[in-house]
Each structure stands twice: as structure tokens, then as C-alpha cells.
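Have a look at the structure below, then the notes.
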Amino acid sequence: MKFWNLGRVTLALAASLVLIGGMDSCIYDYTNAYIIVTGSQYNQIASYREDNDTGQLRAAPGDPLSSGGQDPIRAVLLTGGRYVYVLNHGKPTFDSTTGNVTWTGGNISVFSIGGDGQLAYQLSYPSQGNGSIRLAMSGLGDFLYVLDSYEPTPGNPGVTPGQATKSAAYPCYDASTGMYRPVGDVTVFSIDPATGRLYLVQNQEQQTSTGVDLSYFPIGCGPIDMYQGSGYLYIAETSNPFFQTQNGEDIYPYQAPSGGQLLQPQSPQILQGTTGISVINGSSSGKYIYILDNGTNTIYTFTAGANGFLSGISGGSYPNYSVTSGMTALTTDNTGSYLYIANSQAPVLGQPNSIISAFYVTPNTGDLQPITSGTNSMFPTGSGPVCIFEDTSHQYVYTADSQSSQVTGSRFDPNSGVLSNLSHGSAFPTVGTPTWCLYSANTN
């Protein structure tokens, strides 16, 4: 009888150990998403597995990798989560004698994402223009748009010429060198969804002087950012060379029908009074388009109007209450009920962390109301955030922080929008000087 009781105790103890081990396995083996970060310090990209229960991050095996070029600044995910495209801005070298800028190491690198989040380099493709700064994916994931600072120079790829005086061919002022340079452009690629490979789309609307289709789509001066939504590719620019009397920066709504062509509107939409647009992006629902203006520290809310032109909502101009400047990125939660803005500056001089501004989006009207937790209306994050997103599980918000070289996680309360620290630590070291982050929900 004693031996029988001892057997029962031993069996119960063994069952308990199995249960505990199973719980531990569940905590560490249940990957909710892969988080991908690019960094400019060593030209790298890395992937991290996100734990569903705690929000903790663990580096995928073999990471980080080379980004395949110089100065990776953006990345986008192909629909389905199998491939990620990394935009390498390239290294500019200025020749004071000729006024030319030579670009090296700029391209779009393609990486596959393995079942454990491990990245594998595939191929690289050159953009047509120089000084590429942004990537965007079409709504169906069949086209990739690349925003270039300068259109290409015929017969001299990789070189952006300049001259001391303004002309029709060189209408854009480059404040960093004091020279006038060509306009910017968008390079368009079609995507093979099975392999992730890119194929250049020719511009059937505009030709060279010899009647050959352009390999790119010219835009205005000083491109800033772009957003694809509502069937349009919205491009923010500092100015347009054909509209010199404007008092504000431009938003161009290019119609983006099937086939990859970009149809230019008759004129830009000038946002009066804007002096430092940093971001244009949309809500998760696609209902609202947000523009952040660092020049006036203002958040603008729009809907897509006739011909794609932005239509402001009532009360659609709202001050960023938390800081005086430094808005770098925005995201909304999965329902579009909350808006979060990453700010590179802290509200108090010497404070080590930067902050996230949080707003409640009023249903039907889109008005913004600050979210507070007690007396606090700001939520800390790592130093110098460059990107922000809510993960697919609707539990966590992450930023990648350039000054502290870390990813910072926060727990998200879907009932109030309040952010709080993760229970087992919120800071995770990552690649040097992060420049962008995103996630893949495909963990198969």
C-alpha cells in the first residue's frame, strides 16, 4: 500500500513537471510574429521572434545579415509575408569641382523569410533614380514603388549632376551643396509573388526626346514620403518647379491603376502653411490619411476626396501636444481607434527616453482626443524612435530606436489605448542605428 501511494506521488510529480515544462515551452515556442529591423551603422538587417505571451523578442538564427547595400533606410513586406524588400539609400559623394554627386551602394535587396524567421538574401535591383528614400507596396502586392530623390542622368547612371544656376533641367535647389539639381522620380516594379523577383515597369505616358518610353515617372522637387491607398500613390514633396507662388508643401495624388502606370494629376495639392512635412501614412482601416508636419508640430487628418485629392475633416488640424518637434512615424491600432506617433525628442531636456503621443480617434468624425493614463499623457519609448507599429495579436506596440540601438515594446490596452511596460523587460538590443522596422505575421 505504501509503495502504491509512493507511485501515485511520483506520477503526480512527473505530471506536474511535464505541465510546467509544457507551459515553459508554450511561453518560448509560441511565436506570434517576426519583427524585422534595418540598421545603418553596419548596413544590416535582422529578424526577431516575438513571443505571444510576453512580447519578448529573440533573434532569429544567423541574424543579423548584410543589407546588400549601403545605408538601408526602409523595408516593406510582400503580401503573404514570404519576402521582404530592403531599400538601400546609397552613399553620396560630392565633387565640389563639377558639382556632381556620385552614388554607390544604392539598391533594393530581396530577402526570403524562413519558417523560424531566418532571413536569406536573394537578389538586388537598382532603382532608376538616385538617392532612393522610400518604398511602398501596391494594395494587392503586385507592384513595388521606389521614391528617388533625383531622376536618372541619361548615359551616366549613378551620378546626379548639378549647376550653380536654376534652369528647366535643374530646377531643384540642393541646400546641402548649394547647387541646383534635377527633379525626383518614382521607379515602379512588378512583382512575381512566387519568387519575389522584380521587373521594371516602363512609363507609357512619357517618352524621351527620341520617342522611347521613360523607365521612371518624374515628380517634383525634394520628395519626402509616400503612401499608397484608395487607389492612389500619395507623394509629399517640398515644392513643384512649375508652381513657384505656393505657400506650403505639396501632396501629389498619382492614380495607380492596374498595370503599374502612375497617372499624374493636373496640379499638386498645396497644404498651405506646412513647412516641414515628415510623414504621410494611413489608418489601418484605410479610412483616414494622416500627415505630420514638424514645421508647425501639427497632425493633419484627411479622407480621400474626388480624383484622390485630400479632403480635410472638421477639426482635422491638431497640435502634437507632447513635444515641440520631432515626429518621425505613426501607426494606428488594428481597429483604427487609436493613433500613435513616435517622437524623436523628449519633452524635458536631458531625459534619456523619447516619447509616444497617443490619441483616441473619434468614431465617424475622425477627431483626435489625447489619451491619458492618470496625469500622464505621454508614453516613454527608446531614444530616437524611427518607426512604430502594433503587432498582429493586438497586444503590443513596438518602436525601433536609432539613438539607443534597441527595439522597445509596450503592452497595448485595447479598451483604453494606454501603453505600459512589458512584464519581463521592454528593451531589446538590435542592429546598430536602426532606421526602420516592420513585422511579418506569417510564421509558418
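With respect to the conditions (1) under 26 Å from Tyr83 (Cα atoms); (2) not in a strand (DSSP E or B), Thr187 lacks only one, and its number is (2).
Any residue in region 275-284 that is part of a loop (DSSP other than H, G, I, E, B) and among the β-branched types (Val, Ile, Thr)? Yes - at least one qualifying residue is present in region 275-284. Of the numbered conditions (1) farther than 22 Å from Phe111 by Cα; (2) part of a strand (DSSP E or B); (3) within 22 Å of the chain's Cα centre (by Cα), Ser420 satisfies every one except a single condition; which is it? (3) is the only condition that Ser420 fails. Counting the residues of region 101-119 that are surrounded by fewer than 20 Cβ atoms within 10 Å (Cβ to Cβ) and touching a strand residue (DSSP E or B) at 6+ places or on another chain (Cβ under 9 Å) gives 7.
If we scan region 293-300, do we find a residue that is surrounded by fewer than 16 Cβ atoms within 10 Å (Cβ to Cβ), of a type in the set (S, T, N, Q), touching a strand residue (DSSP E or B) at 6+ places or on another chain (Cβ under 6 Å) and modelled with pLDDT under 95? Scanning region 293-300 turns up no residue that is surrounded by fewer than 16 Cβ atoms within 10 Å (Cβ to Cβ), of a type in the set (S, T, N, Q), touching a strand residue (DSSP E or B) at 6+ places or on another chain (Cβ under 6 Å) and modelled with pLDDT under 95.
Among the strands (runs of 3 or more DSSP E) contained in region 50-105, which hold 2 or more residues that are not β-branched (Val, Ile, Thr)?
Working: elements: 57-59, 72-77, 83-88, 91-94, 101-104.
The qualifying strands (runs of 3 or more DSSP E) are 57-59, 72-77, 83-88, 91-94.
Just checking, does region 91-105 include any residue being within 25 Å of Thr195 (Cα to Cα), within 20 Å of the chain's Cα centre (by Cα) and touching a residue at least 24 places away in the same chain (Cβ under 8 Å)? No, every residue in region 91-105 fails to be within 25 Å of Thr195 (Cα to Cα), within 20 Å of the chain's Cα centre (by Cα) and touching a residue at least 24 places away in the same chain (Cβ under 8 Å). In the condition set (1) among the hydroxyl-bearing types (Ser, Thr, Tyr); (2) at pLDDT 90 or above; (3) assigned to a strand (DSSP E or B), Ser314 is compliant with all but (2).
Counted as qualifying within region 197-272 are the strands (runs of 3 or more DSSP E) with 3 or more residues that are over 16 Å from Asn307 (Cα atoms), namely 198-200, 203-207, 221-229, 232-239. Might you let me know whether region 26-36 holds any residue that is among the hydrophobic types (A, V, I, L, M, F, W, C), outside any strand (DSSP E or B), surrounded by fewer than 16 Cβ atoms within 10 Å (Cβ to Cβ) and modelled with pLDDT under 95? For region 26-36, residues among the hydrophobic types (A, V, I, L, M, F, W, C), outside any strand (DSSP E or B), surrounded by fewer than 16 Cβ atoms within 10 Å (Cβ to Cβ) and modelled with pLDDT under 95: present. Per the listing Thr372, Thr335, the residue uniquely surrounded by fewer than 21 Cβ atoms within 10 Å (Cβ to Cβ), within 23 Å of Phe412 (Cα to Cα) and either at pLDDT 90 or above or small (Gly, Ala, Ser) (or both) is Thr335. For region 427-444, the set of residues classified as surrounded by fewer than 23 Cβ atoms within 10 Å (Cβ to Cβ) and not in a strand (DSSP E or B) consists of Gly432, Thr433, Ala441, Asn442, Thr443, Asn444, listed by residue number. Within region 147-202, being surrounded by 14 or more Cβ atoms within 10 Å (Cβ to Cβ) and of a type in the set (Phe, Trp, Tyr) holds for Tyr150, Tyr170, Tyr173, Tyr180, Phe189.
Pairing residues of region 179-204 that are free of Cβ contacts under 8 Å to residues at least 12 places away in the same chain with residues that are surrounded by fewer than 17 Cβ atoms within 10 Å (Cβ to Cβ), at Cβ distances under 7 Å and at least 6 apart in sequence or on separate chains, gives Tyr199/Ser190. Here Gly231 clears all of (1) in contact with a Ser or Thr (Cβ under 9 Å, 6 or more places away or on another chain); (2) under 30 Å from Leu330 (Cα atoms) except the condition numbered (1). Under the condition of being surrounded by 24 or more Cβ atoms within 10 Å (Cβ to Cβ) and either closer than 23 Å to Asp225 by Cα or in contact with a Leu (Cβ under 7 Å, 6 or more places away or on another chain) (or both), the residues counted in region 387-401 number 6.
If the requirement is being closer than 20 Å to Arg134 by Cβ and at pLDDT below 95, which of these qualifies: Gly305, Gly259, Gly282, Gly276?
Working: Gly305 fails: closer than 20 Å to Arg134 by Cβ; Gly259 fails: closer than 20 Å to Arg134 by Cβ; Gly282 fails: at pLDDT below 95.
Of Gly305, Gly259, Gly282, Gly276, the one residue that is closer than 20 Å to Arg134 by Cβ and at pLDDT below 95 is Gly276.
Considering each residue of region 213-226 in turn, at least one proves to be closer than 17 Å to Gly129 by Cα and either touching a helix residue (DSSP H, G or I) at 6+ places or on another chain (Cβ under 7 Å) or exposed (fewer than 14 other Cβ atoms within 10 Å of the Cβ) (or both).
The values are calculated or read from the model by the stated rules, or taken from the named source; none is laboratory data. Keep in mind that what you see is a predicted model, and the values were worked out from it rather than measured. Counting neighbours? That spans all protein chains shown, and the Cβs are built from the backbone with ideal geometry, glycine included.
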